[in-house]
Structures are given as structure tokens and as C-alpha cells.
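The structure appears right after this line, and notes come after that.
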Amino acid sequence: METTTPQQTVQTDEESSPQQTSETDAKDSTQPPKEVALIKSNKHYFIAFGLLIIGGIAGMAAGFSNGNSQQASEFDLLDPSTWFPIFMDKNPHGGNTPYDFNIWDNQRSCRGLKLDIIDNLEPKWEKYFQRAVTEWENDDPSSEAPDALTLNVRKNIRYDPECRTVMRKMIVCNGDYGETDYIGINHVAIQFGYIISSVALLNDYFLENQSDALKQNTVCHELGHGFGLGHWDENFYNRDLGNCMDYTNSPKNNQSPDLSNFLFLEQMYGNTAGTSRYVEAGLNNTVEGLHCTPGSETVDFSEGTEIFKKRRLPGQPTITDDEFERIALLMSPGNNIIIADSSVKEHPLAREGWRYLKRTDKYEVHEQDLGDGLKIVSTIHLV
């Protein structure tokens with residue numbers, strides 16, 4: 001019997017390797033390179049980032065097209081507060097109340113502030129000053145803003161380069177005060193919490209060749225500090241508020257006071273119509289604990305009434321000649337304020353009683369306590 005042996009098929013390396021290689025290639029072809037896999041696995045991050053950019057662009061476009069808002073500054077593009085509501089500062093005063101600022105004691109209760117202003121400006125500044133005074137006085141009967149100020153301007157017959165301080169008055173001066181790093185300063189002398197004198201300085205060294213808009217903004221701004229107002233907003237890059245107490249890189253939009261400034265002044269001093277009255281304040285002033293509010297009827301402010309007495313300083317304190325000379329020296333242009341590098345934390349004149357109340361890259365507030373209830377507060381608008 002013939003026996004048949006089963007044939008065994010032996011695959012050589014040459015025969016098997018193509019098949020194995022083909023299987024391997026097929027398996028590898030389903031796996032992308034690591035770089036591609038990383039992108040795919042994180043694609044939701046890229047999508048989110050893209051939506052963020054699109055949202056920002058849409059927000060900026062909405063800001064420019066919003067007809068109810070102030071005209072957007074070109075610097076809005078640089079400030080996140082104009083892109084997304086989460087960054088918006090809803091209180092332009094930073095939570096301040098009228099009595100968080102310094103106020104004049106004019107012995108007239110809530111019937112507005114009556115203030116003498118000495119014009120010690122050269123002719124080139126007159127048009128800016130006159131416009132600012134007219135706008136702050138707000139005598140237009142058709143204006144919806146309350147009339148809180150009565151300003152009596154007296155022109156110096158001779159320009160005084162020393163800008164001599166005058167008690168119970170504000171003086172406004174210009175001059176080439178040198179490369180002092182400021183374009184404007186407002187000094188106020190304070191006694192027992194009340195302003196007793198103010199000096200506004202306009203530095204021609206930096207302002208001489210600047211635009212009319214910046215000059216107008218600066219005059220209006222320093223006068224506002226002289227009345228006791230603070231800053232409405234301290235961000236130079238967000239949307240302009242449209243009043244000169246708002247810091248801006250586009251002064252053409254912020255050359256005048258606006259309704260919000262006058263409403264604030266009315267709370268500080270009342271109105272000239274005599275319809276304001278004292279009420280309890282939510283955040284009390286350390287001196288009075290009260291503020292003015294509009295009313296519909298004329299209030300009795302005659303001498304001896306309780307509402308009149310609340311406004312008076314205790315004992316009608318006086319300033320000695322020596323104290324006056326010291327104040328005048330500290331508030332004169334010749335007493336150049338030291339602008340230190342931001343890395344310097346302590347005031348360079350700390351041993352003389354100076355300290356910083358606030359510092360940014362655009363403005364500083366310095367204070368010197370003279371004792372006996374007297375101090376100097378200097379608000380400096382930096383270059």
C-alpha cells in the first residue's frame with residue numbers, strides 16, 4: 001500500500017515578511033502622529049480661546065456703535081473693562097461719598113459754596129480759565145444741573161510768579177516750573193478737616209506746546225480739586241466719562257464738568273436756590289456727619305438756628321502769622337514736590353512729616369501733617 005505523506009507548506013522569511021509588514025502598516029495607519037493627537041485632544045481649548053477673541057472683538061464693536069454711551073476713546077481697545085462686563089467699574093467714584101473728599105467751610109450751610117478765586121494767570125491762559133469758571137459756576141437757568149457754586153474772580157493786577165497763597169481763597173497760577181514731572185498740581189491747606197486755602201499750578205514747561213484740549217482739561221481739573229472734588233475715574237485707558245475730573249488719554253472728550261459733578265457738589269455744599277437741607281449720611285464725614293440733599297422748599301439758615309450751627313467750625317480757629325508763612329512756603333511753586341521712583345515706598349521727605357496717600361503712574365497724592373489740626377494735601381497730575 002502506498003502511503004501518502006501530508007505535504008507541509010513552509011513559508012520562507014521572504015514570503016512571510018511582506019504579509020507581516022502589511023499588517024503592521026495597517027495597524028499604524030490608524031494612529032496619528034503624537035503632535036496631531038495632542039492637538040485633537042486639546043481642541044476644546046482652542047475653540048474656547050477662539051470664542052474669547054471673537055467675544056472681545058464683538059464687545060469692542062458694540063462699544064463703538066452704542067449711541068447712548070460717550071464717544072469711545074481710541075484707548076478703549078487697550079482696556080479689558082471695555083471688552084467684557086465682568087471688568088466694568090460700576091461706581092465711577094470708587095465708592096466715595098461727597099464727604100470722603102475735603103470741603104470748604106464757608107459758613108453758609110447748605111446754600112452752596114461761595115468762593116473767591118484769584119486769577120494769577122498770564123494772558124495766554126485766560127480763555128481756558130474763563131471758560132472753566134463759567135462752566136463750573138453753572139448760571140444757566142435752563143441747565144438741569146444744580147447750581148452749587150458762586151465764584152467771585154479777582155484778577156491780579158500784576159502777575160505774581162511766586163503765586164502767593166491767600167487764606168480763605170483759591171489762587172490759580174501758571175509758570176515754567178521746570179522738568180518736575182507734573183503738568184498740574186492742586187494744593188489745599190486743611191484745618192480741622194476743612195479747606196482754608198487752595199493753590200492750583202499749571203506747569204508751562206510741559207503744557208506750553210500741548211493741545212488746547214489738554215490745557216482746558218487741566219484747568220477744569222485743577223479747579224475741581226480746589227472745590228474739594230476727587231477723581232471720577234483713575235483709569236486712563238477705559239471709556240471717557242465726559243467730565244474733566246475723569247483721567248483720560250483723550251482730553252478732547254473731558255474738557256468740562258458734567259451733571260454728575262454738580263450733583264456731587266450739591267451734596268457737599270447744597271444749592272444756591274436754598275432748597276437743600278441736611279440729612280443723615282450713610283457714610284459720615286468725620287467733621288460733620290451730615291450731607292446736603294435737595295428739597296422743594298426754602299430752608300431757614302438764619303444765624304442761631306440748629307441747622308446753621310451744624311456747619312460752623314468750633315471756636316472759629318485762627319491761623320498765626322508763623323503758621324501762614326509755613327503754609328505759603330509749602331504751597332508755593334518754589335517748593336518743588338519730589339516725584340520719587342515707584343520702587344521707593346516711603347516718602348523721601350518722611351522725616352519732615354510727608355506721606356503718600358495714593359500713588360499711580362499718572363498721579364500722586366501727598367500729605368504733610370503740620371500739627372494743631374493743620375495739614376497740606378497735594379494732588380499731582382504727572383506727565
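Observations, loosely collected:
- Output for the stretch 184-203, where each listed residue is within 18 Å of the chain's Cα centre (by Cα) and either closer than 21 Å to D361 by Cβ or surrounded by fewer than 23 Cβ atoms within 10 Å (Cβ to Cβ) (or both): G184, I185, N186
- Residue identified as of a type in the set (D, E) and open to solvent by less than 40 Å² (accessible area, probe 1.4 Å) among D240, D181, D212: D240
- Hey, S250 under 14 Å from the mean Cα position of the chain (by Cα) and either within 18 Å of N152 (Cα to Cα) or surrounded by fewer than 24 Cβ atoms within 10 Å (Cβ to Cβ) (or both) or not: yes
- Members of the stretch 343-371 that are more than 24 Å from I319 (Cα to Cα), surrounded by 11 or more Cβ atoms within 10 Å (Cβ to Cβ) and of a type in the set (D, E): E346, E364
- Among the residues of the stretch 161-178, those that are open to solvent by 10 Å² or more (accessible area, probe 1.4 Å) and either farther than 15 Å from D204 by Cβ or at pLDDT below 95 (or both) comprise P161, E162, R164, V166, M167, R168, K169, Y177, G178.
- Scanning the stretch 141-160 for residues that are buried (at least 17 other Cβ atoms within 10 Å of the Cβ) and farther than 30 Å from T275 by Cβ turns up nothing.
The values are calculated or read from the model by the stated rules, or taken from the named source; none is laboratory data. Predicted model only: the values in this text are computed from it and were never measured. All Cβ positions, even for glycine, are placed from backbone atoms using ideal geometry, and neighbour counts span all protein chains on display. These accessible areas exclude ligands, DNA and RNA; they are computed on the full protein's heavy atoms, side chains included. Shrake-Rupley method; radii C 1.70, N 1.55, O 1.52, S 1.80 Å.
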